[in-house]
Amino acid sequence: MTQSNPNLRNTLLDRLLAVVGPAGIVADADQKSAYESDWLKKWHGRSSIVVRPATTQQTAEVMKLCHENRTPVVTQGGNTGMSGGATPDASGDQVVLSMTRMNAIRQVDPLNNTMTVEAGALLATIQQAAEDVNRYFPLSLGSEGSCTIGGNLATNAGGIAVLRYGNTRELALGLEVVLPDGRIWNGLRGLRKDNTGYDLRDMFIGSEGTLGVITAAVLKLFPRPKARACAWVGTHDIRALVHLLELMQANCADRLVAFEMMSAESLQLVLDHVTDTRSPLEGRHAYHALIEVADTRETGLSDMLQDALQDAMDTNLIDDAVLGASLAQRQAFWKIREGISQAQPRAGKAIKHDIALPISALPDFVGAAEHAVRGVQASAHIVNFGHVGDGNLHFNILMPSDTSAEAMADATQRFNRVVHDLVVEANGSISAEHGVGQLRRDELRHYKSPVELNLMLLVKQSLDPNHIMNPGKLI
Ligand code: FAD
Ligand code: MLT
Ligand code: ZN
């Protein structure tokens, strides 16, 4: 049953209104539009109703109603996702379930190094709440002022500190989830050890709103780093950069917290499209890295970084380097790195490849992928950057802004095939941190083995038999 029938829609609206009250319903077409497309304005849809529950109980009642009516539900957090996962389809039948009113920090337990938060809490708010008790929550993304922890968990977001602290999955100890039929699973346990059977938590993390609604989580906290040192380096090729990572790890061990890469083209894109940015180094370098080390005490942090860079210079791994001597300089380096996300849509339409590879395979992959992409289109504008410390590349191809939808679809198909074939050949992943959403759903089906696809479908079927959770996404 769908909701195209206005009478049915009104009945559901009335019943949802009774659950969440007027403050929890967005029915006005103008106000709904913010929930109906993504931040890149790449995906557009229509929703029947946007519902904004304020509690887990309300979320459960909303889901129960949608389950009974077989109404599809698209859960949405900060709507900063890169893969169209939070955008409803064009039918106008789907309910958008916005979690942003459920944004409380429920409990902070510094002794247990945990914090219990609601799904709609902004990542930046959580980072601040950790800092307020002299602890550190390390997840860090360019979108941290707008994305929610529920969205981070649902996409298993990565970001710039995975090298040291892991993905969002590694940062969550327990979850509270509303199931598609409205039952509540309370798995809010702050335990480092719990071997009581199948790990349900890990099933919901990365499930992109297709299995249930994450309403709260217990997060891990860490000692707060009080000293940081960073450097910007330029080098001649990606192989040297990967060996530089090896050298940094050998010298700095777990004090190395970020190792981010940008090709010369990616840097140029930021310099051209983001105000108040300038290249930290003179001259052209094929690749740049932004390296950061951190510790709870200064104790030789800068010297350690400087010595490692001197080694790298002596062994010809890098051509030039500059230390971020002040907070302002450090912020300027990060502004460049994080500016790539803003610069791309200003410069054109990106065909995004969010890929993961064994770090050792990166140099050969980049050579082969560049060659293959140029085979499809000799003049292709490749924007290659990413989290080299975790083997995650954003190997994007930037098309002119006026490229038509048909030409984009055709180019995407052709570039995807050559890039993703090489990824799979190298035993990599076609979706590293942004999620599958609607962007990579067909690619997932193309590359996953029948056994893996079948297992995923069995999980989906058993948890969401009416297929109401984010249909058309991921699987
Ligand atoms: P949304 O976009 O609202 O939703 C994303 C997906 O999660 C959808 O499928 C949605 O249905 C589902 N979902 C949301 N909330 C819930 C919930 N409570 N329960 C169940 N399902 C839910 N991502 C990275 O991984 N690394 C980066 O470095 C990075 N950098 C970024 C930089 C910028 C400038 C921007 C705009 C985005 C960046 N992203 C990055 C992508 C994005 O911020 C992340 O994917 C983030 O985790 C999405 O959170 P959100 O709250 O905005 O989720
Ligand atoms: C980043 O690492 O900056 C984002 O994940 C990638 C992007 O904006 O495409
Ligand atoms: Zn990224």
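Just so it is clear, none of the values below were taken in a lab; they were calculated from the coordinates. Since the structure is predicted, the reported quantities are computational estimates derived from the model, not experimental observations. Don't worry about glycine lacking a Cβ; one is built from the backbone with ideal geometry, like all the others, and counts go over all protein chains shown.
Quick one: is Ala154 away from ligand 1 (no atom under 12 Å from the Cβ) and assigned to a helix (DSSP H, G or I)?
Answer is no for this residue.
Considering only residues that are among the hydroxyl-bearing types (Ser, Thr, Tyr) and in contact (Cβ under 8 Å) with a residue 24 or more places away in the chain, look in segment 357-410 and name the one that is surrounded by the most Cβ atoms within 10 Å (Cβ to Cβ).
Step by step, filter segment 357-410, then rank; the result is Thr403.
Given the criteria more than 30 Å from Leu13 (Cβ to Cβ), assigned to a loop (DSSP other than H, G, I, E, B) and within 9 Å of ligand 1 (Cβ to nearest atom), does Leu111 qualify?
Numbers: more than 30 Å from Leu13 (Cβ to Cβ): yes; assigned to a loop (DSSP other than H, G, I, E, B): yes; within 9 Å of ligand 1 (Cβ to nearest atom): no.
No; evaluated as a whole, the condition is false for this residue.
Across segment 318-372, what is the number of residues that are of a type in the set (A, V, I, L, M, F, W, C) and either part of a helix (DSSP H, G or I) or within 16 Å of Ile160 (Cβ to Cβ) (or both)?
Let us first name the residues in segment 318-372 that are of a type in the set (A, V, I, L, M, F, W, C), namely 318, 321-323, 325, 327-328, 332-334, 336, 340, 343, 347, 350-351, 355-357, 359, 361-362, 365-366, 368-369, 372.
Those still in the list that are either part of a helix (DSSP H, G or I) or within 16 Å of Ile160 (Cβ to Cβ) (or both) too: 327-328, 332-334, 336, 340, 343, 347, 356, 359, 361-362, 365-366, 368-369, 372.
Residues that pass the stated criteria total 18.
Across segment 118-141, what is the number of residues that are within 16 Å of ligand 3 (Cβ to nearest atom) and in a loop (DSSP other than H, G, I, E, B)?
4
In the list Thr75, Thr55, Thr87, Thr59, which residue meets the criterion of being more than 18 Å from Ile184 (Cβ to Cβ) and away from ligand 3 (no atom under 16 Å from the Cβ)?
None of the other options fit; the residue is Thr87.
Would you check which residues across segment 307-317 are touching a residue at least 40 places away in the same chain (Cβ under 8 Å) and either part of a helix (DSSP H, G or I) or touching a Pro at 6+ places or on another chain (Cβ under 7 Å) (or both) and list them?
Within segment 307-317, Asp307, Ala308, Leu309, Asp311, Ala312 qualify.
Could you check how many residues of segment 66-88 are surrounded by 19 or more Cβ atoms within 10 Å (Cβ to Cβ) and within 22 Å of Thr11 (Cα to Cα)?
Residues that pass the stated criteria total 9.
Looking only at segment 10-54, count how many residues are of a type in the set (Asp, Glu) and either over 23 Å from Thr215 (Cα atoms) or surrounded by fewer than 16 Cβ atoms within 10 Å (Cβ to Cβ) (or both).
Residues flagged as of a type in the set (Asp, Glu) and either over 23 Å from Thr215 (Cα atoms) or surrounded by fewer than 16 Cβ atoms within 10 Å (Cβ to Cβ) (or both) within segment 10-54 amount to 3.
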